[in-house]
Amino acid sequence: MSSVSIESTTSGPYIRTAIDDLPPYSAGRSVRDAAGEGAAARTLLGLAANEGPYGPFPAATAAAAKQIENANLYPESGFRSLRRELAEFLGVDVARVAVGAGGIGLIHHLSVALLDEGSNIVTCTPTFHAYALDARKQGATTRTTPVRADGSYDLAAMLELIDERTRIVYVCNPNNPTGGIVGRQELLDFIDAVPASTTVVVDEAYFEYARSAGYPDTIADAAFARPNVVTLRTFSKAYGLAGLRVAYLVGSEALIGAVQKVQSNYEVTSVALAAARASLPDTEELARRIELNADGRRRLVEALDRLGFEPLEPHANFLYLRPGDGKAFAKALEAEGIIVRPANAMGDPSGVRITVGSPDQVTETIEALTRMVNASS
Ligand SMILES: Cc1ncc(COP(=O)(O)O)c(C=O)c1O
């Protein structure tokens with residue numbers, strides 16, 4: 001029997017240099033992390049991940065429980081039922097809809113499909129850090145400019161950063177972590193000015209919460225149906241399914257086809273598909289939760305203003321403030337029982353983001369903030 005001799009090497013297996021020094025996804029601190037450090041004796045409230053506070057919709061819980069009984073079977077290939085139902089719900093052609101394992105999964109697929117070594121993406125800072133991380137995995141670089149004073153994407157400044165190697169421009173609307181929004185006409189003007197070979201990804205992870213008159217619905221509004229535009233939405237936030245990992249894209253057939261080529265066939269589980277499908281028709285439950293979020297958001301803005309923190313005007317399920325040292329603020333508030341998210345990993349060490357919880361959690365947050373301020377004065 002012949003044996004293949006594998007040269008022993010001291011350097012180990014080949015790993016692409018593009019991912020040298022790539023930091024892991026920074027998920028923010030959870031109640032679980034804090035408990036692991038011995039904080040279990042205290043009750044901590046986790047408001048660092050912009051999760052919905054209410055769990056899945058009742059119909060989604062029932063559908064998921066039923067579906068688990070068939071967990072021996074692979075999920076439906078191509079996620080056709082959910083894609084079809086989303087297409088009907090949104091009033092678009094099914095060929096314009098892709099479903100994936102969370103917005104994070106879909107951002108990864110867009111990056112794999114569109115970014116070559118040496119290309120670049122354009123974003124604002126601070127923003128959702130998955131864009132830049134996934135660009136780096138492809139050997140692409142990130143060009144970025146500060147958000148405007150209201151925390152919205154600075155589209156005019158972004159145009160200046162686009163060159164012939166720009167493959168993706170992200171518009172996070174509302175922006176995570178600052179909560180600012182860009183309006184319909186300025187977004188259309190921006191898209192008109194972006195080269196046809198550059199894809200505009202409008203990230204609407206928090207779409208359901210945004211209610212301002214000028215806020216665009218880039219799926220329902222046919223003016224946004226362009227070959228190089230794609231919109232991302234997720235079931236993780238308003239629908240309360242973050243743990244199941246299911247989100248969708250609506251865009252041109254060319255972009256949707258490209259994503260489907262690179263995604264893995266069964267990446268969305270059958271349980272997640274069942275839960276998402278059961279959630280979609282329950283528009284009443286969605287409206288109820290959006291209303292509760294708006295109330296909580298208003299109460300938190302009032303309290304933060306009263307306490308002297310001047311939060312930016314929020315449009316999603318979180319608030320953003322710049323106390324000067326986001327980490328120090330988060331540490332002080334955790335001492336009062338609430339875990340929030342300093343924005344350093346998203347590019348702004350001065351800022352901190354607070355998720356809007358349920359009405360009781362909002363009360364707890366306001367009480368903890370008040371104690372924190374009193375303790376420091
Ligand atoms: C702006 C933005 N986009 C996308 C996502 C991804 O969400 P998921 O992967 O849970 O769908 C998030 C999650 O926090 C987000 O804030």
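With the helix formula -39500 (n - 2.57) applied to DSSP H stretches of n ≥ 4, the chain reaches a computed 222 nm mean residue ellipticity of -11000 deg cm²/dmol. When only alpha carbons are used to place a centre, the stretch 272-288 and the stretch 289-359 end up 27 Å from one another.
For the chain, the relative contact order works out to 22 percent when only alpha carbon pairs closer than 8 Å and six or more residues apart are counted.
In this Cβ point-charge picture (+1 for Lys and Arg, -1 for Asp and Glu), the stretch 68-186 has a dipole of about 80 debye about its Cα centre.
Taking the Cα centre of the chain as origin and assigning +1 to Lys and Arg Cβ atoms and -1 to Asp and Glu Cβ atoms, the resulting dipole is close to 480 debye. The residue among Ala135, Pro58, Leu86 whose Cα reaches farthest toward the positive pole of the charge dipole of the stretch 58-279, with charges on the beta-carbon of Lys, Arg, Asp and Glu, is Pro58.
Near Thr145, the amide H atoms lying under 5 Å from its own belong to Thr123, Cys124, Thr125; only residues 5 or more places off or on other chains count, and H is placed 1.01 Å from N. Close amide-amide hydrogen proximity is noted between Val171 and Val201, Val202, Asp203, each under 5 Å apart and 5 or more residues distant or on a separate chain (H modeled in the peptide plane; Pro and chain starts excluded). Once the dipole of the chain is set up with Lys and Arg at +1 and Asp and Glu at -1 on Cβ about the Cα centre, which of Phe329, Gln67, Thr363 lies farthest towards its positive end? Farthest along the dipole direction, towards plus: Gln67.
What is the packing order of peptides 360-373, 120-133, 140-153, taking the mean over residues of other C-beta atoms within 10 Å and listing the highest first?
Values: 360-373: 17.8, 120-133: 23.2, 140-153: 19.5.
Per-residue mean Cβ counts within 10 Å order the peptides as 120-133, 140-153, 360-373.
In this Cβ point-charge picture (+1 for Lys and Arg, -1 for Asp and Glu), the stretch 58-279 has a dipole of about 560 debye about its Cα centre.
Take each complete run of DSSP H in the chain, measure how far its Cα atoms stretch along the helix's own axis, and keep only those covering 24 Å or more with mean Kyte-Doolittle hydropathy at least -1.0; list them. Before the final figure, lay out the partial values.
Numbers: long enough: 283-306 (34 Å, -0.97); 359-376 (26 Å, -0.24).
What comes out of the filter, once short or polar helices are dropped, is 283-306, 359-376.
Across the options Asn317, Ser279, Leu292, the greatest Cα extent toward the positive end of the charge dipole of the stretch 262-342 (unit charges at beta carbon of Lys, Arg, Asp, Glu) belongs to Asn317.
Which pairs in the list Lys137/Lys237; Lys66/Lys137; Lys137/Lys327; Lys261/Lys327 are over 32 Å apart, alpha-carbon to alpha-carbon? Flagged as over cut-off: Lys66/Lys137; Lys261/Lys327.
Readers should treat all values here as calculations from the given coordinates under stated rules, not as data from a laboratory. Just so it is clear, the structure is predicted and the values come from calculations on it, not from any experiment. Heads up, the Cβs are rebuilt from the backbone with ideal geometry, glycines too, and the neighbour counts pull from every protein chain shown.
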